[in-house]
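Colleague: Before I ask anything, here is the structure I am working with.
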There are 2 protein chains.
Amino acid sequence: MTKTDSTRAGHIQIRDPFWSEYIRLVREVMVPYQWKAINDLVEGAEPSHAIRNFKIAAGREEGEFYGMVFQDSDVAKWLEAVAYLLETKGDPELEGIADDVIDLVVQAQREDGYMNTYFMLKEPGKEWSDLAECHELYCAGHMIEAATAYYRATGKRKLLDAVCRFADYIDLVFGTEPGKLHGYDGHQEIELALVKLYHATGNEKYLELSRYFLEQRGQQPHFFEQEWEKRGRTLHFPQLSMVHDHEYSQSHLPVREQTSAEGHAVRLVYMCTAMADIAAETKDAGMLAACRKLWDNIVNKRMYITGGIGSMEQGESFTADYDLPADLAYAETCASVGLIFFARRMLQLHRNSEYADVMERALYNTVISGMSLDGTRFFYVNPLEVYPEVLGKNKNYNHVKAERQGWFSCACCPPNVARLLASLGDYMYSAEADTLYAELYIGGRVETVVAGMGVVIEQHSDYVSEGRVRFEVTPEQSAEFTLALRMPGWCDTARLTVDGKHRQLSSGDSDGYIRLTRMWQPGDTVELCFDMPVKRMKGHPLIRQTFSKVALQRGPFVYCLEEADNSARLYQLRLPEESEFILTEAEGVLHGIPMITVSGKRLKSAAAWVEGLYSSDAALASEQAELKFIPYFAWANRGVGEMSVWIEEEAKR
Amino acid sequence: MTKTDSTRAGHIQIRDPFWSEYIRLVREVMVPYQWKAINDLVEGAEPSHAIRNFKIAAGREEGEFYGMVFQDSDVAKWLEAVAYLLETKGDPELEGIADDVIDLVVQAQREDGYMNTYFMLKEPGKEWSDLAECHELYCAGHMIEAATAYYRATGKRKLLDAVCRFADYIDLVFGTEPGKLHGYDGHQEIELALVKLYHATGNEKYLELSRYFLEQRGQQPHFFEQEWEKRGRTLHFPQLSMVHDHEYSQSHLPVREQTSAEGHAVRLVYMCTAMADIAAETKDAGMLAACRKLWDNIVNKRMYITGGIGSMEQGESFTADYDLPADLAYAETCASVGLIFFARRMLQLHRNSEYADVMERALYNTVISGMSLDGTRFFYVNPLEVYPEVLGKNKNYNHVKAERQGWFSCACCPPNVARLLASLGDYMYSAEADTLYAELYIGGRVETVVAGMGVVIEQHSDYVSEGRVRFEVTPEQSAEFTLALRMPGWCDTARLTVDGKHRQLSSGDSDGYIRLTRMWQPGDTVELCFDMPVKRMKGHPLIRQTFSKVALQRGPFVYCLEEADNSARLYQLRLPEESEFILTEAEGVLHGIPMITVSGKRLKSAAAWVEGLYSSDAALASEQAELKFIPYFAWANRGVGEMSVWIEEEAKR
C-alpha cells in the first residue's frame, strides 16, 4: 500500500458501447441540470437555494438560509462530479464555472475554517450542538471529497487548502482529549472523506481524525443522548428518531463490535468504506475483520439480487437476515452507490473477485435503474416488484414510485449517480505491486503504472451484449508483470486468446482471477469471451419472499417482466423449469441489450369466477404465454405498469 | 318494521358446547378484569383512570383527568357488557356495582346534560371545538348504547334518562339550522347509538338526529377544516391526520355517494350500521342502495377470508380492491365486531343469508381469534401469516404481534369482544312478520313471538364439530308460522328431519333459507345435519396475494398452519391438489374442534446451499410432509411461532 490513493489506476478514457452514453448523459444532461437546480433555475421545481445560501454567507447577497440542513452538500457533490468530468476531458467553460463556485465557497468560509451555511445563517452559535441530526460533518465530508477530486483533476489547491483549514478546525473541536467534543456525525461521510484528504495531502492528522470518528462511534455514555440533554432535549427532525434509535446511525455498538448490517443503509456502507480505508492504511487486522463481518452479512444475508440494500422504508434501513421483500424494498440508489464504494475498498484489502462481482451487480442493476435512459428522471427507491394500482392506496408502498421523478427536495440520489458514473474509470482496474487487475470490463484507454513500468491498456468491450472483451497491452517497453482478469461470478466458462493462442478456461484462480504473467510486448493482445447463457437464479432457501421463484440473469444484468411486454397481472405467470430462452433483438430503450423470450404459462380461472371473494369451486387452468424479460435497469421507461423480477417456477415434478 | 328493536328475538339463554365457555369467560374473567382495569386495580398495568375521571368530575375526588380523550367510553362499554350479562342471568352483586357506576356517571353529568370528563376536567370551554379528533360524540354514543342496554336488561331508567338529557343537549348544539354547529364526529358511533335510543324511548327526535349526523357527513365546505381554522389550527393528535385526511373518517364524500370502503375500517362499519338502521326505519331506498354498495365492496373486494377487514396499519384502514396481504393485514378485532353489527342490520333490510354468512365468518374466525382461549389476552391485529423472526426488525410489521397482549392503553378491542359475546343471543334469530329466521346456529333456549304467538325454541347444537342442530319448537298452542333455517354458504348438502321425517336438501331458497311453513305443535322437532367437508378455498383471481394458494375451511372455521404442528419455514410447504383430508381428534386447546391432517410436501434445497444469497445451481426437491391445520381462532395459544392461513397448492398438471 502506498500513501497515495491506491485504487487510482491512472489516466482513463472510457469508450464503451454501453457506458459512454451514460457518461455523456452525466456531462451533457445531469451536471448542467444539477447546476440549474442548485441555482434555482429549473422552472416549476421547488427552489434549491444551495448556491444562494453560500452567496448570503459570503456577504454577496442579502437573505436567509433556505433548504434542508444538509443543503450545502448538493454544491459539493456537483463540484465533485465536475471534477471527475474535467479529469477525463478538459472543459474550460465548466472549469471556469467551478472555479467561481470555489471562490464563492471559500469566501463564505469563516475565519476559523468553519463552513456550513445552515449554522452560519440560521443558527449561529449552535454549531456542533446536534451532531445526531444536523449533518454538519457530513456536509464537511462532501466538501472535502469535492476538494480532493478537484485537486486531482486540475491541480488547483484553493478548495483543498480551504477544506484543510476546516479539517484542522474540526480536529481542534473533536477528539478524545478533555475539553474536546467526544462526538461524531449522525450520518457517516467525513470518515471516508478524511482518508481522501490524507491521500491528497499526506497529512496523517486527517487519517488519525478519521480513525477517531470511527472508534468513537457507539461508545458509552452515548454522545447523541448527552448532547441532546445538553441542548435542552430539542429535536431538529422530531418525526424521526435520529437521537434515540442508535441502530439507525450504527452507533448502537462500537464499530468493531458490529457484526450485522443494521439501520440506515447509506450510512452503514459509507461507514464501512471508511473502516476499510482505515484497515488498509493502518494494517489494522481487527478493523479488517469487522469489515469482513459486515460485508458478509450484507452480501450473504441482506442484499437484493439487484445489488440493492435496505429492505424497509422506515429508516431507509436494513431489517433482518434473509428478509428481502420485493414489493416493499427500499433499495435506495445511494445505498448501492455506497456499496460500490465499500466493495472497491475491500478489493484493495482482500483480493477476491467477489467484491467486484457485487460492485458489478449493484452498478448494472440498481444504480443505473436509478436514472431514466435520458438522464432526466430518477428513482430514489428501487423495488423488485410493483403493482401500480395499489400505490397511493396501500400506504405501505408510500415510498414506491412506478415512474422516475424529476428531482427530489432531498436530492441525494441523482448527484450520487452522477459522481459515480463520472468517476467510473476509477472502478475498472486496480493495481497492486506487479499485478494489474481488471475488475469491471468497460471499454476505454488507461494509462497506468505496473511494476514500475508505464503501461497503456486499450480495452474494446462488447461485454454487456456478447461477453467479449479485447485488450491491447502496450508497456513503454517489454516488461514482465501480471494481468489479472476477473472471472465474473456469473460465468462458468470462458475462452481466452493471448496473442492469437486459444485457451479454454473453466475458472480463474481461487480468488476469482485469471492471471497472465509474462513478458509483455507493446501491442500484445488478450481476448476474453465469457459464456453468457441466461441463468435461472434462485434465492437462498431462507429467503421466504423468493422461495420457489426464479429470476433471470444474463451476464451482469438481472432481468424483469414488465406489463408493457406481458400485459397486466404478472403474478399469474409461471416459468416452467424446462423452457428454453431465446435472445431477441433489442429495442431502442435497451441500449442494445437483448430481451429474453421464453415459453411460459399464464394461470387463469378455469371458469368464470362465481360471485364473491372466496370459493371452493375455482380451479386454475394454464394457458401458453410467451414471456418477455427486459433488463431490470431499463424498467419504467415506457409509462406506468406492473414489474416483477421474480417469477414462480413451475417444476416438472 | 316496528319501533322496537326488531332484531331482538326475545329472552335468550345460550347453552352451547362451543359458545357457553366463551360467555362464561366474559362473565367470569373479562368483565371482572375490565372492572379492575378501569378502577386501576390491575397490578403492573398502566392505570386506566376511567372511573377516577368520573369521580373527579362528580366532585367526589380531587385530581386531574388522565388517559386518552375517549377514556370515558371504557366505562360505557363495561356497563353495556354488564347489561347483556344481567339480561341473560340475574346477578344482584354485579347489578349493584353497575348501579353505583351509573350513580357516579349521572352525578358527573353537567346541569345542561353534557357528559365528557376529558373536556369537563381538562379543557373546559373547548367542548365541540375539535369534533374531528376528540371523540366527544363517540363517547356519548357509547354511553347511550350502555344506557339502552341497561334499560332493556333491568328496566331501570336512571342512565337512560341521563343520556336523553345529553342527547337533547346535543340536538340543541348540532343541526342544519343557522346558529347550530353543522358538524359530526370524526369517529362514527353516535349515529347507531341514537337509533337505539329511539328504539328505547320511541322519541323520533333521536332518529332524526342520527339521520342528520349521517347526512351532514362529507358535506362541503368541510366541517373538520372549518373548525380547525376556527380553533387556530391546533391538533390533538399531530402525528395523525384526522383533520385533513377525509377518507380516514369517511367524510370525503356525502355518505350516499360513497361506493367503496375507504379509511378507518371500524369507523366505516359503525357508519354503515347506522346507515342501515336509518334505511330500515325511514324506508329510504337511496340509503339502502348506499348500504348495499358499501357492503358489496367490503365483502366482495376488501375482506379477508377470516372476516377481517382493513389491509393496512396506516390509519387502520382499507386499501384497494383485491389488496389483501396476509402478513401486513391489520384486520382489527373491533372492525370485525363492527362488520357483524352492519351485517345484522342488513339482514333486517334485505333478506339474504349472505349477511349471516359474513357474520358467521367474522365471528368464528377474527373475533374469537381476538382473545386467548383463557379470556385474559387479546389481539388487536389479526394477521393471516406471521413470521416471528422478522417482527421488531422489519418495521412494516410493527403492528403485528405473535402473542396476544394483556390489555391495551387504547383498550377498544377487549371490551368490544366482551359486549358482542355477552349479547350473542341477539344474533341467533331474527323475527319478521310470521317467520322466525335462524341465523347463527348456537344452542340454547329462546322465548320469542312469531305471528303473534309466543314460541319457545330450544336448540341443541353440535354445529361446530358435526354440523348438526336440533330444534324443539313449542308454541303456546298450535300455530301456523314459518321457521326459516339458514343454509350456510359453506354447505352444499344438508339432511333435514322434521318430526322424524327425512328430507334431502341441496340448497335453500334463492335467499339462502330453508323454509318450513306448517302448523307447529308444541314439542315438534326439526333436525338439520349440514355436510361439513373440508373445503379448499381459493381467493378471487384478482387477489395477487392469494393467487394459486389455498386455505382450508370446514364449516364456519378457517384453518391455519402453525409452527407448533408443522415446524418452522411454513413457506416451504405445499398442498397437493389431490391430497385427502383426515379429521383428527381435537386437542385441549381446540374446544373439541378437529384438526385437519393431510399428506403434503415440503420443498427443500436438493443439495446443500452453496455460499451466497443467489445461485443458479439450486434445484428444489420435495419430501413428504404431514401437514396439520388447526382452526385459525385458536392460533398463538402455544407460544410464539410461525402461522399461515394460505398455502401454495401443487397442481396435478
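The values are calculated or read from the model by the stated rules, or taken from the named source; none is laboratory data. The structure presented is a predicted model; accordingly, all values stated were derived computationally and were not measured. With ideal geometry, Cβ positions are generated from the backbone for all residues, glycine too; neighbour counts draw on all protein chains shown. Heavy atoms of the whole protein, side chains included, go into the accessibility calculation; ligands, DNA and RNA do not. Shrake-Rupley method; radii C 1.70, N 1.55, O 1.52, S 1.80 Å.
Colleague: Give the relative contact order (percent, whole number) for chain A; include only Cα pairs under 8 Å separated by 6+ residues.
Modeller: RCO, chain A: 12 percent.
Colleague: What area, in nm² and to one decimal, does the C-alpha convex hull of the stretch B:49-253 cast on average over all directions?
Modeller: Answer in nm², one decimal: 11.5.
Colleague: Let me ask another. Compute the distance in nm between two label points, each set 7 Å from the Cα along the Cα-to-Cβ direction, one at A:D91 and one at B:D511.
Modeller: Going from the A:D91 label point to the B:D511 one covers 7.7 nm.
Colleague: Further, regarding this structure: Before anything else, pin down the relative contact order of the stretch A:429-530: Cα pairs under 8 Å, at least 6 apart, normalised by residue count, whole percent.
Modeller: 28 percent
Colleague: Could you tell me the accessible area of A:R256 in Å² (1.4 Å probe, neighbours in place), rounded to the nearest ten?
Modeller: 90 Å²
Colleague: While we're looking at this one, here's another question. How big a patch of accessible area, both sides summed and in Å² to the nearest 100, lies buried between A and B at a 1.4 Å probe?
Modeller: 5200 Å²
Colleague: In whole Å, what is the distance between the alpha-carbon centres of the stretch A:545-600 and the stretch B:113-158?
Modeller: Here the answer is 60 Å between Cα centres.
Colleague: Further question: At a 1.4 Å probe, what is the % contribution of carbon and sulfur to the accessible area of the stretch B:429-530?
Modeller: Of the solvent-accessible surface of the stretch B:429-530, carbon and sulfur hold 42 percent.
Colleague: Another one. Which of the residue pairs A:K601/A:K652; B:K36/B:K196; A:K55/A:K122 have a Cα-Cα distance greater than 23 Å in the structure shown?
Modeller: B:K36/B:K196
Colleague: Please report the carbon-and-sulfur percent of the accessible area for the stretch B:536-650; probe 1.4 Å, protein heavy atoms only, DNA, RNA and ligands left out.
Modeller: About 47 percent, which is the carbon plus sulfur part of the accessible surface.
Colleague: Right, another one. Relative contact order for the stretch A:266-422: what is it in percent, counting Cα pairs under 8 Å that are at least 6 residues apart?
Modeller: In percent, rounded to a whole number, it is 22.
Colleague: Choose one of A:Q314, A:H142, A:T584: the residue whose Cα lies farthest towards the positive end of the charge dipole of chain A (beta-carbon charges +1 Lys, Arg; -1 Asp, Glu; about the Cα centre).
Modeller: Of A:Q314, A:H142, A:T584, it is A:T584.
Colleague: If eta is 0.692 mPa s and T is 37 °C, what Stokes-Einstein diffusion coefficient results for the stretch A:34-169, Kirkwood Rh from Cα pairs, in µm²/s?
Modeller: 219 µm²/s
Colleague: Turning to a different aspect of this structure: With point charges of +1 on the Cβ of Lys and Arg and -1 on the Cβ of Asp and Glu, referenced to the Cα centre of the stretch B:429-530, which listed residue (B:S465, B:G523, B:S478) lies farthest in the positive direction of the dipole?
Modeller: Positive-end residue among those listed: B:S465.
Colleague: Filter the cross-link list A:K301/A:K538; A:K535/B:K538; A:K77/A:K156 down to pairs whose alpha-carbon distance in this structure exceeds 23 Å.
Modeller: A:K535/B:K538
Colleague: Name the residues of the stretch B:597-637, by number, that are at least 40 Å² less accessible with every protein chain in place than in the isolated chain; the surface is that of heavy atoms, probe 1.4 Å, without ligands or nucleic acids.
Modeller: B:W609, B:L613, B:Y614, B:S616, B:L620
Colleague: Provide, as a two-decimal number, the C-alpha radius of gyration of the protein assembly as shown over 2.2 N^0.38 Å, N being how many residues it has.
Modeller: Against the empirical 2.2 N^0.38 Å value, I get 1.05 for the protein assembly as shown.
Colleague: How far, in nm to one decimal, is B:G454 from itself in the other copies if the label point is set 7 angstrom along Cα toward Cβ? Shortest first, please.
Modeller: Spelled out, the distances from B:G454's label point are 11.7 nm.
Colleague: Further question: About the Cα centre of the stretch B:536-650, what is the dipole size in debye to 20, counting +1 per Lys and Arg Cβ and -1 per Asp and Glu Cβ, all else neutral?
Modeller: Charge dipole, the stretch B:536-650, about its Cα centre: 340 debye, nearest 20.
Colleague: Another question about this same structure. Calculate the length of the line joining the C-alpha centroid of the stretch A:609-653 to that of the stretch B:432-498, in whole Å.
Modeller: Computed from Cα coordinates, the inter-centre distance equals 47 Å.
Colleague: Can I ask one more? Take the alpha carbon atoms of the stretch A:46-62, find their center, do the same for the stretch A:374-418, and report the distance between the two centers in whole angstrom.
Modeller: What the calculation gives is 29 Å, centre to centre.
Colleague: Moving to a separate point now. Sorted from shortest, what are the nm distances separating the label point of B:N398 from equivalent points in the other copies, each placed 7 Å from Cα along Cα to C-beta?
Modeller: Inter-copy label distances (nm, one decimal, shortest first): 1.0.
Colleague: Another question, then. Using a simple charge model, +1 on the beta-carbon of Lys and Arg, -1 on the beta-carbon of Asp and Glu, nothing else, what dipole does the stretch B:429-530 show about its Cα centre, in debye to the nearest 20?
Modeller: Once rounded to the nearest 20, the dipole reads 280 debye.
Colleague: Here's a follow-up. Based on Cβ point charges of +1 for Lys and Arg and -1 for Asp and Glu, what charge dipole magnitude is obtained for chain B about its Cα centre, in debye rounded to the nearest 20?
Modeller: With only Lys, Arg, Asp and Glu charged at Cβ, the dipole is about 860 debye.
Colleague: Related question: Which residue in chain A puts its Cβ closest to the axis that rotates chain A onto chain B, and at what distance in whole Å?
Modeller: Per the Cβ-to-axis criterion, the result reads A:N396, 3.
Colleague: Sequence neighbours fewer than 8 away in the same chain don't count; with that in mind, list the aspartates and glutamates whose C-alpha is under 16 Å from B:K205.
Modeller: List returned: B:D161, B:D168, B:D171, B:E177, B:E191, B:E215, B:D277, B:E281.
Colleague: Please state the equivalent ellipsoid semi-axes for chain B: what are the square roots of 5 times the Cα gyration tensor eigenvalues, largest first, in whole Å?
Modeller: Its equivalent ellipsoid spans semi-axes of 40, 32, 23 Å.
Colleague: Also, I was wondering about something else. One-quarter of the Cα convex hull surface for the stretch B:94-167, in nm²?
Modeller: With the hull built on Cα positions only, its mean projection is 5.0 nm².
Colleague: Say R0 is 41 Å: what FRET efficiency, to the nearest 0.05, do A:S615 and B:A433 get from their beta-carbon distance?
Modeller: After rounding to 0.05, the efficiency reads 0.80.
Colleague: While we're on this one: Does the stretch B:506-653 classify as rounded, prolate or oblate by the C-alpha gyration tensor (a ≥ b ≥ c root eigenvalues; a/c under 1.5 gives rounded; else a/b over b/c gives prolate, otherwise oblate)?
Modeller: Prolate, since a/c reaches 1.5 and a/b exceeds b/c.
Colleague: Moving on. Between A:H244 and B:R638, take the C-beta separation as r, use R0 = 41 Å, and let me know the FRET efficiency to the nearest 0.05.
Modeller: 0.70
Colleague: May I ask you to derive the FRET efficiency for B:E585 and B:R503 from their Cβ-Cβ distance with R0 = 35 Å, giving the value to the nearest 0.05?
Modeller: 0.65
Colleague: Between A:E21 and A:E208, 0.36 nm times their residue separation minus their Cα-Cα distance comes to what?
Modeller: Length gained, A:E21 through A:E208: 63.3 nm.
Colleague: Starting from a Cα-only point model with no solvent, please compute log10 I(q)/I(0) by Debye for the stretch A:429-530 at q = 0.10, 0.14, 0.23 1/Å.
Modeller: At q = 0.10, 0.14, 0.23 Å⁻¹ the computed log10 ratios are -0.23, -0.47, -1.35.
Colleague: Please compute the per residue accessible area over the stretch A:8-93 with all protein chains in place, 1.4 Å probe, rounded to a whole number of Å².
Modeller: 43 Å²
Colleague: Related question: How long are the semi-axes of the ellipsoid equivalent to the stretch A:266-422, from square roots of 5 times the Cα gyration tensor eigenvalues, in whole Å, largest first?
Modeller: After diagonalising the Cα gyration tensor, the semi-axes are 28, 17, 12 Å.
Colleague: If you don't mind, there's one more thing I want to ask. If a/c stays under 1.5 just call it rounded; otherwise compare a/b with b/c (prolate if a/b is bigger, oblate if not). Do that for the stretch A:10-94, with a ≥ b ≥ c from the square roots of the Cα gyration tensor eigenvalues.
Modeller: Because a/c hits 1.5 or more and a/b exceeds b/c, the stretch A:10-94 counts as prolate.
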